[in-house]
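J.: Pasting in a structure now, in structure tokens, and then I'll have a few things to ask.
Just so it is clear, none of the values below were taken in a lab; they were calculated from the coordinates. As the structure is a prediction and not an experimental result, all values here were calculated from the model. Quick reminder, even Gly has a Cβ in these numbers, built from the backbone with ideal geometry, and neighbours come from all protein chains shown.
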Amino acid sequence: MNFMEAKGWTSVARPPLHRLGARVSLSFQQRLALRGTIPAGLDRKEAEVYQRLDPERLPQHIAIIMDGNGRWARRRHLPRVAGHRAGVASVRSTVETAARIGIPSLTLYAFSEENWKKRPKGEVDFLMGLLCRYLKAEVPTLNKNNIRLEYIGRQHELPASVQEKMGWARDATRQNTGMVLTLALNYSARTELVDAFRAMVDAAASNGGLQHLKIDEDGISQHLYTRHLPDPDLVIRTSGEMRLSNFLLWQLAYAEIFVTPTLWPEFRGVHLLEGIAEYQKRERRYGGLGAP
Ligand code: FPP
């Protein structure tokens, strides 16, 4: 008898919840049935945490600030880039677990505009090479897990060879209908807002003149890099830092924040599930008073 049978759990390869509709409403019996099932592919630790989750209240979009690669390397007397290299296994584990439990959208802050401009060239070149190798190696797994790849950030400022590889990976996963994995590369939230406002002005100017410029929240959201995504419900930051670091400043207005001391190279799917468990304990009030 394996540990799942010992616990009376069953494992199912079920369609992600989001394919049943964005805000699924399940009957009491369906919820009870789902609570007893564990998505296929979770390991023992993940299954233990998943068992505590309410599958009907999973975040629709999780954003992650991956931080702590340098500290992880320094503690081991390794060069900083060793931390970035080790961080790829964390990306893989997190992406696969998110897809397995049916999270519709996952966004990873891989590389900020500030990283690009302020880090030594050697580290930047290493990160670019790592990204290209990741994309090449990972496309078959993304396809196997029905994951579609997208990007946010000023792609046109990246080296041509990197842009080419990014375009290839996006095209190779375009047909997938499951989780949307968005990589933030050369991303800055302030730059995103500048680009959105410029695009709105340009659209109005070429569409009858600036007197037709209409500015409202929906219009701004529709001009952000993230127009293909709902706003994140949950933002996770690793390595204990309490900052947003110019990440999705508009979109995170009402997100729940989960900061874990775990350094990114040590982060795995089980930590993602722990973050979701914490999220499900929060009461989201959106400025209202909440339950009496
Ligand atoms: C922050 O750690 C991390 C980065 C700037 C790069 C993130 C890259 C990866 C996780 C690996 C590659 C990713 C993909 C998608 C292939 P830091 O260097 O700022 O750490 P520190 O604060 O401890 O110095």
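J.: At 222 nm, what value in deg cm²/dmol follows for the chain if DSSP H runs of at least 4 each add -39500 (n - 2.57) and the sum is divided by all its residues, to the nearest 500?
T.: Value at 222 nm, helices only: -13000 deg cm²/dmol.
J.: For K118 and D218, what does the FRET efficiency come to when R0 = 30 Å and r is the distance between their Cβ atoms, rounded to the nearest 0.05?
T.: 0.30
J.: Find the centroid of the Cα atoms in region 40-72 and in region 201-275, then give the distance between the two in whole Å.
T.: So the two Cα centres are separated by 19 Å.
J.: Now a separate question. Which residue fluctuates the most in the chain, going by a Gaussian network model with Cα springs under 10 Å, if the choices are G209, G167, G219?
T.: Residue with maximal mean-square fluctuation among G209, G167, G219: G209.
J.: Report, in debye and to the nearest 20, how large the dipole of region 44-280 comes out about its Cα centre when Lys and Arg carry +1 and Asp and Glu carry -1 on their Cβ.
T.: Taking the Cα centre of region 44-280 as origin, the dipole is about 1080 debye.
J.: For region 80-156, which chymotrypsin sites (Phe, Trp or Tyr not before Pro) pass both filters: DSSP loop (anything but H, G, I, E, B) and at most 14 other C-beta atoms within 10 Å?
T.: For chymotrypsin sites (Phe, Trp or Tyr not before Pro) across region 80-156 that sit outside H, G, I, E and B with at most 14 neighbouring Cβ atoms in 10 Å, the list is empty.
J.: Pick out, from A184, W264, L158, the residue whose Cα sits farthest towards the positive end of the charge dipole of the chain, with +1 on the Cβ of Lys and Arg and -1 on the Cβ of Asp and Glu.
T.: W264
J.: While we're here: I need the per residue convex hull volume for region 44-280, using only the alpha carbons, in cubic angstrom as a whole number.
T.: 136
J.: Please list, or write none, the aspartates and glutamates whose alpha carbon is within less than 19 Å of the alpha carbon of K117, excluding same-chain residues fewer than 8 places away.
T.: Partners found: D67, D125, E157, E192, D195.
J.: Comparing E46, E278, E157, which has the greatest mean-square fluctuation in the GNM of the chain with Cα pairs linked when under 10 Å apart?
T.: Looking only at E46, E278, E157, the largest GNM fluctuation is found for E157.
J.: Taking the number of other C-beta atoms within 10 Å as the exposure measure, put E56, E274 in order starting with the fewest.
T.: E56, E274
J.: Count neighbours as other Cβ atoms within 10 Å of each site's Cβ, and list the trypsin sites (Lys or Arg not before Pro) in region 186-292 that are DSSP loop with at most 12 such neighbours.
T.: Answer by residue number: K214, R227, R243, K281, R282, R284, R285.
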